[in-house]
1. Would you work out the relative contact order for the chain, in percent, from Cα pairs under 8 angstrom that are 6 or more residues apart?
2. Restricting to Cα atoms and excluding each atom paired with itself, what does the Kirkwood estimate give for the range 460-616 in Å?
3. For the ranges 234-246, 429-441, what's the packing order if you count other beta-carbon atoms within 10 Å of each residue, average per peptide, and put the highest first?
4. How much mean residue ellipticity at 222 nm does the chain get from its helices, if each DSSP H run of length 4 or more adds -39500 (n - 2.57) and you divide by all residues, to the nearest 500 deg cm²/dmol?
5. Among Arg112, Arg249, which comes first, then next, by fewest other beta-carbon atoms within 10 Å?
6. Based on the alpha carbon coordinates of the chain, what radius of gyration and maximum Cα-Cα distance (Dmax) apply, in Å?
7. Percent of Cα-Cα pairs per 10 Å bin, from 0 to the last occupied bin, for the range 229-328, please list those.
8. From the gyration tensor of the Cα coordinates in the range 236-422, what semi-axes in whole Å does the equivalent ellipsoid have, largest first, with each one equal to sqrt(5λ)?
Amino acid sequence: MAAAVPPQGSSERPARHGKKKRRPVLKSPWFWVPVSLLIVLIVVGVVGGLTAKRLYDQAMVAKDDLEKAIPLVDQVQKSMLAGDTAGAQTTVAQIASLTNDAAEKTSTDLWRNAEWVPVAGPNLKAVRITADSVNGLVRDALRPLTALDLKALLPKDGGIDVANLKALAGDIDTANTRMELVQRNLKTIDRSALVPQVAAGVARLDDAIAKIEPVLTPVHNALTILPKALGAEGPQHYLLLFQNNAESRGTGGNPAAIAMLTAENGKISLTQQANSTDFSNGQPDPVIALNPETEALYGNKIGRYVQDSTLSPDFSETAQIVRAWWAKTYGTPVDAVASIDPVALSYLLRAIGPVAMPEPFGETLTADNAVPLLLNEVYAKYQDPTVQDAFFAAAAKTVFDALVTTHADPKALLAALTQAANEGRLMYSPSDEAQAKMLAGTPVGGNMPADNAKTTDLGVYIDDITASKLDYYMRMSIAASSTQCQNPGAPAFSSTVTLHNTLDPAAVPDLPAYVDPGLFFPKGHAATDVYLYGPVGSTLTGITVDGQPVGASGQPHLGRTAVKVNVLMAPGQTATIVATFSAPAGTYGPLEVRHTPMVKETPVTLDAPGCTPAKR
């Protein structure tokens, strides 16, 4: 704007120097400073927009890759369980191509530098960790698993190639290390800051890991333990207990037959056999000092009779007692104690096929007849207990010889061993502390978890006190409930156990004397001690039998509260026991039940209202 000119004749005189002449506006620094800043901001905005576009494109590619890859993990698992190694390897190659691309797109400097940006940053970090985790799992976990040759784990010509096992163990150890790293990395993600789309992707990875871990962890543990267990570092000696489910005990049944196995450089041989009558049962004092809590709950008979050494639900306690009996009687060193029952033998026979017992018995054992023959019919066929023991020993040796010499189908044998282990019919308790720690809390280890973090376990264990084999006719079902998700501050738990003596009253008079001699109770009547365990840290709040309160008190054992009640059932009769427990606030994993493996399958129903399917 031009300066004002004073009116004519005005007395006002211009200033001596007057006002400075204004520069053209485009030459003014006061114009260019803010404009320059504005231009910088515009340029940054444009570049930022281009950067955001690049990040967006990279994210979309990674998203598409991961969405295609993650479901394929399920396909790999299904192929492996079906024994389709070639199919699993083909699928892993497809996954690897996708996950590698996703990992590259989300690991650029541009991507990492943007992770500090509020709101977007935590989501970018989560996507990067997810992509890198999936890619690492494919490279270090899935690929080694699909390269696993199950045939290498099986006996051939009486032995197993321990050198091959060691090589496989190295690959699986790498896979397990990667799994643990992924789990640690996922814990660094701030899930509260994630947008729904990213949170859903991370949740899908959680689900994938939940499906890989149950396959990887047992394989890792087995391959870590097996080389040494098979004598790669020197001879190993094992006691193998054959638990008789027709006379129930906590972890299975009366261990009437025991065998010594020796493994050296992969070769396994059955070197000695014994039965329960070979030990000095009924001695005044237990063979070893007992855990005071165990003795208070089960009595000192658990250490005074080999037949009662399996009373505790903790198989490691059984192993200590049996090792002491063996050392006292034979003096042979024992590196571990294992256990199997006739039902598990029937599973093995599904894989190896029928086997013929030697004379004088001449029986052919099959998957269908092994259980009734070994747990019931033998007592009618052979009245002499000595002959019965010889029959059991011959049956065990026949199946063992077939297992180490017959080239069984790997898939069928793996399925048989897995089923037996999951049902608590196949257990292993090593003296090696590192191995024992690896198996702690697992069904194979034969003990309940020491806390409620991964699973919240209730226990139901039974002990036949009839001095009979009537549990061949016993059936058990269990219903467990929990309010751990409805009322996490003070959860309540309950176990409802239904026992049914299915023996036909009309068959009682013809029962062989060894099945039921009728010594302490009327013939055909089953007397059973039932032990019910609450979760770790729980307290007993009540117990009933057939709806009537019972004045039994809880006792501490294995970090839990346990209660014992006795029921007497006539032929055809049913008894229902309900135990309730309270527990303090804490972390409670999915509800589960551990129980004595019976002759027949034990149906278990779980009710935990409010828990999500993943938590169940």
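1. Values: 1089 pairs, mean separation 69.0, N = 616.
Relative contact order comes out at 11 percent.
2. Values: mean 1/r = 0.0600 Å⁻¹.
Computed over the range 460-616, the radius equals 16.7 Å.
3. Values: 234-246: 21.9, 429-441: 16.3.
Highest to lowest by the protection proxy: 234-246, 429-441.
4. Values: 14 runs with 239 residues, N = 616.
Calculated mean residue ellipticity at 222 nm is -13000 deg cm²/dmol.
5. On the way: Arg112 13, Arg249 27.
Neighbour counts put them in this order, fewest first: Arg112, Arg249.
6. Reported Rg and Dmax, both Å: 34.9, 150.
7. 16, 45, 29, 10, 0
8. On the way: eigenvalues 153, 69, 53 Å².
Output for the range 236-422: semi-axes of 28, 19, 16 Å.
Read-outs throughout are calculated quantities, based only on the coordinates presented, and are distinct from any laboratory measurement. Small disclaimer: the values here were computed from a predicted structure and weren't measured. As a convention, Cβ positions derive from the backbone with ideal geometry for all residues, glycine included, and neighbour counts pool all protein chains shown.
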